[in-house]
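I have placed the structure first, in the form of structure tokens, so that the comments after it can refer back to it.
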Amino acid sequence: MTIRSPRSGALLFILLLVAFAVGAYILAEDQGLGGNVWPNYSLDAVQHIEIATLNERFALVKEPAGWVVRLEGAEPDALPVPADPAKIEALLAALAHNHPTQNLGLVPEAELAGYGFTKPAVRILLRPAAAGRPEVLVSFGAETPTGAALYAQSSLARGSVFLLDASVLHQLDKPSEHYFDYHLLDLHTDDAQHLAFTGASGVQWELERTDDAFVFQAPPSLKGTVVPASEVRLFLHNLSAIGADSILSNADRQPAARPSFTLDVLTAKGATPLRLEVFAPGESEQAFGRSSRHPAGFLLEREKAKSLVRLAFDMQWRGVITVDSAHVQSVRIFSAMGNQTLTAEKTATGWEEREHGARLAGLDMTLWRLKELRFEGEPVGRLAYPAVPRLALDLYGKDSKVMSTFVFYTDPRLPSDQCWLKVGSEEIFYPVGNQIVEELQGYLPQRASRPPAN
């Protein structure tokens, strides 16, 4: 049995007190280097941000219509460029999460040049949205001799010089273009109520929302035809995914010619349609465009501009298959060219090959993609050589009842990424993408190689 002396107990108590005091000091020091001397703002808490780098000066300003970028020295008629709020939020987060790691204390003004503050790498002035709160100016000077840290100052602790991790600089010295919002339109897909696409020869198509679908208003041959809202949402989603390559701030490049096409979108929230105009690129690799979001214009890569063109045919419902893949219990895949057959059944744990019980991963996704097929051109009522069958797919439901049969045909007259599809007994052949055929072919067993001849 060990008897602890009163002296050792007192020593342990003193050590605990010292450890507590050191921890409290470190915590207080860390808190002092953070919230008391360094800005920590959310996007909603800021109204105006001025940024000066070694190359330019600009401001990020919250206006009634949203955040914009205003360039210092721009022409008097230059329009502000819409800004991306997510990138401004990332800037504020970079400031808040990279507070100083060390306080070097007060430095005489005459010595600040040695820390790089005569010509700072970045200066950021934050003006809070709430009235009465002071502006905060942070400056980032030179790197320390080791290159691991960066000298910085904050107006919340005038005269003091701090050290920050040097890696933060690349998050703060972004050019003004970094904050531009490159979306062509300020559009939420579910807000669209009316769409009109006008080409060089006039209105190509016009759609009006009715409940959960859109109805053709033009051309006359399609008037009254219903288009599912999901199809229109996909079109608008693809539109919103395309960004301009560069944004123009001066309205001195406005072309005199008529646009190659114009898209007008009336939303539930606005009385004036959102407009997008794109002009023929001519010999250039980039097309000029302008929109209600970027009235001064933008430049768009030729292929991007081409992908925005939609004919009335493209806006039709072009689904081919209506079968519900959730009710499929077994499938049969037959390769006419390779004379190979595979039968698979759905089990509680997934799809299995009937003959050997091998698992077939991904078949549910393949059946889903099958249902999503869209025809890429006008269907035909008859096929002739050189179109030949390549692969057949049979779907069976409960009690092995045939749900549907599909036959895919190769045809060298089609684009290389397309094939013909015949559904059931109906004598109509649809041109569809052939990626689904490659997927189905991949489930077939490998053919045994022939032994070499003696």
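The values are calculated or read from the model by the stated rules, or taken from the named source; none is laboratory data. Note that the structure is a prediction, hence the values are computed from the model and not measured. All Cβ positions, even for glycine, are placed from backbone atoms using ideal geometry, and neighbour counts span all protein chains on display. Heavy atoms of the whole protein, side chains included, go into the accessibility calculation; ligands, DNA and RNA do not. Shrake-Rupley method; radii C 1.70, N 1.55, O 1.52, S 1.80 Å.
Here are a few things to note about the model shown:
- Evaluation of Glu438 against the conditions (1) modelled with pLDDT of 90 or more; (2) closer than 25 Å to Met365 by Cα; (3) more than 35 Å from the chain's Cα centre (by Cα) shows that the sole unmet condition is (3).
- Test: residue in the range 384-405 that is closer than 16 Å to Val323 by Cα, more than 34 Å from the chain's Cα centre (by Cα) and part of a loop (DSSP other than H, G, I, E, B): yes
- Flag if Glu345 is over 30 Å from Asp84 (Cβ atoms) and surrounded by fewer than 15 Cβ atoms within 10 Å (Cβ to Cβ): no
- Residue, surrounded by the fewest Cβ atoms within 10 Å (Cβ to Cβ), within the range 271-296, restricted to residues that are over 22 Å from the mean Cα position of the chain (by Cα) and over 24 Å from Trp205 (Cβ atoms): Glu283
- All conditions but one from (1) closer than 30 Å to Phe288 by Cα; (2) modelled with pLDDT of 90 or more; (3) touching a Pro at 6+ places or on another chain (Cβ under 7 Å) apply to Lys306; the one that does not is (3).
- Matching residues in the range 347-356 - criterion: being assigned to a strand (DSSP E or B) and touching a strand residue (DSSP E or B) at 6+ places or on another chain (Cβ under 7 Å): Gly350, Trp351, Glu352, Glu353
- Unique match (being under 30 Å from Gly66 (Cα atoms), open to solvent by 20 Å² or more (accessible area, probe 1.4 Å) and assigned to a strand (DSSP E or B)) among Arg133, Arg123: Arg123
- Residue that is charged (D, E, K, R), within 30 Å of Met315 (Cα to Cα) and open to solvent by 70 Å² or more (accessible area, probe 1.4 Å), where the choices are Arg382, Arg390, Arg332: Arg382
- Tallying residues that are among the aliphatic types (A, V, I, L, M), assigned to a strand (DSSP E or B) and either open to solvent by 30 Å² or more (accessible area, probe 1.4 Å) or under 10 Å from Asn98 (Cα atoms) (or both) within the range 145-173 yields 1.
- Against the test of being open to solvent by 60 Å² or more (accessible area, probe 1.4 Å) and farther than 15 Å from Thr322 by Cα, the options Glu352, Glu376, Glu372, Glu439 yield a single qualifying residue, Glu376.
- Candidate set: the range 88-112, residues that are within 12 Å of Ser160 (Cβ to Cβ) and polar (S, T, N, Q); chosen: the one farthest from the chain's Cα centre (by Cα): Asn103
- Pairing residues of the range 407-425 that are part of a strand (DSSP E or B) with residues that are open to solvent by 30 Å² or more (accessible area, probe 1.4 Å) and charged (D, E, K, R), at Cβ distances under 6 Å and at least 6 apart in sequence or on separate chains, gives Phe408/Arg390; Thr410/Arg390; Gln418/Glu376.
- Note on the range 93-118: residues that are among the polar types (S, T, N, Q), touching a residue at least 24 places away in the same chain (Cβ under 8 Å) and either part of a strand (DSSP E or B) or open to solvent by 80 Å² or more (accessible area, probe 1.4 Å) (or both) amount to 3.
- Of Ala121, Ala83, all but one fail to be closer than 30 Å to Gln254 by Cα and touching a residue at least 60 places away in the same chain (Cβ under 8 Å); the exception is Ala83.
- Residue count for the range 273-318 under the criterion of being of a type in the set (Gly, Ala, Ser), assigned to a loop (DSSP other than H, G, I, E, B) and in contact (Cβ under 8 Å) with a residue 24 or more places away in the chain: the result is 3.
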